[in-house]
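To start, the structure under review is shown below, and the notes come after it.
The numbers here are math on the coordinates, done by the rules we state, and not lab data. No experiment lies behind these values; they were computed from the predicted model shown. In this analysis, Cβ positions are derived from the backbone assuming ideal geometry, glycine residues included, and neighbour counts consider all displayed protein chains.
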Amino acid sequence: AHKELEVISSSVVPRLSNEEILAIDEKAEVVLDFIDDVRKEMKARMMAGQQFAGRSLTEGRKTRSVTDALAVISALSGVVEQSDILSCSKLSVTSLEKVYAKARGLKGKDAKQQFEDALGWLIETTTSEPSIKRN
């Protein structure tokens, strides 16, 4: 059934009018929210010990992060260059703006502008694909 829907979608969707696409999109949001609620409920019940045929809980993904960057640099000194360690990290521009503003005693737009003036040439800005929003 899943494969059949893929085939139908690929041939039908391109022939839909803009009005039909809009109408389907509006209904789809309601259905997607409903599906999300159903999946949350299923997960809650499964975590409480209930079972669903053909479904099982998997272990959550593990993520690792460094909790003390200075300790890592210290522990690896003599083995790995500090510049190599720093090249492994991605700095948060928002967090840097906050510490810069605090260190300079700045707030709001002044902080943002002075940060941009000081470091803007080192900040890369990218733009993602456009997204659809409701007006």
Practice task
Compute the FRET efficiency between Asp36 and Val93 as 1/(1 + (r/R0)^6), taking r as their Cβ-Cβ distance and R0 = 41 Å, and round to the nearest 0.05.
Solution key: 0.85
Exercise for the section: Let me know the shape class of segment 70-116, please: from the alpha-carbon gyration tensor, a ≥ b ≥ c as square roots of the eigenvalues, rounded when a/c is under 1.5, otherwise prolate if a/b is greater than b/c, or oblate. Expected result: prolate
Fill in the blank from the handout: Over 28 Å (Cα to Cα) among Lys102/Lys133; Lys62/Lys90; Lys3/Lys40; Lys90/Lys112; Lys90/Lys133; Lys27/Lys90 -> Lys102/Lys133; Lys90/Lys133; Lys27/Lys90
Completion exercise
Partner lysines whose C-alpha sits under 23 Å from that of Lys109, ignoring same-chain residues fewer than 8 away, are Lys98
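Of the GluC sites (Glu not before Pro) in segment 1-99, which ones lie in a loop per DSSP and count no more than 10 other C-beta atoms within 10 Å?
Filter output for segment 1-99: Glu59.
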Handout entry: Per-residue HN-Hα couplings for segment 63-69 [Karplus 6.51, -1.76, 1.60; θ = phi - 60°; Hz; x = Gly/Pro]
Key = 10, 10, 8, 7, 8, 9, 4
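Please give me the summed charge of the neighbours of Glu97: other residues whose Cβ is under 14 Å from its Cβ, Lys and Arg +1, Asp and Glu -1. Provide the component values of the computation, followed by the final result.
Working: positive: Lys98, Lys102, Arg104, Lys107, Lys109, Lys112; negative: Asp110, Glu116, Asp117.
Net charge in that neighbourhood comes out at +3.
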Problem - Label-to-label distance, nm, for residues given as Ala28 and Leu70 (7 Å Cα→Cβ offset) - result: 5.1
Practice task
Just tell me the longest site-free run in the chain, where the sites are trypsin sites (Lys or Arg not before Pro) in a DSSP loop having at most 12 other beta-carbon atoms within 10 Å.
Solution key: 1-54
Handout entry: Difference of contour (0.36 nm per residue) and Cα-Cα distance, Gln114 to Ser128
Key = 2.5 nm
Exercise for the section: List, in order, the whole-Hz ³J(HN,Hα) value for each residue of segment 95-111 obtained from phi through the Karplus relation with A = 6.51, B = -1.76, C = 1.60 and θ = phi - 60°; use x for Gly and Pro. Expected result: 5, 4, 4, 5, 5, 5, 4, 5, 5, 8, x, 9, 9, x, 5, 4, 4
Practice task
Determine by what factor the alpha-carbon radius of gyration of segment 9-108 differs from 2.2 N^0.38 Å, reporting the quotient.
Solution key: 1.97
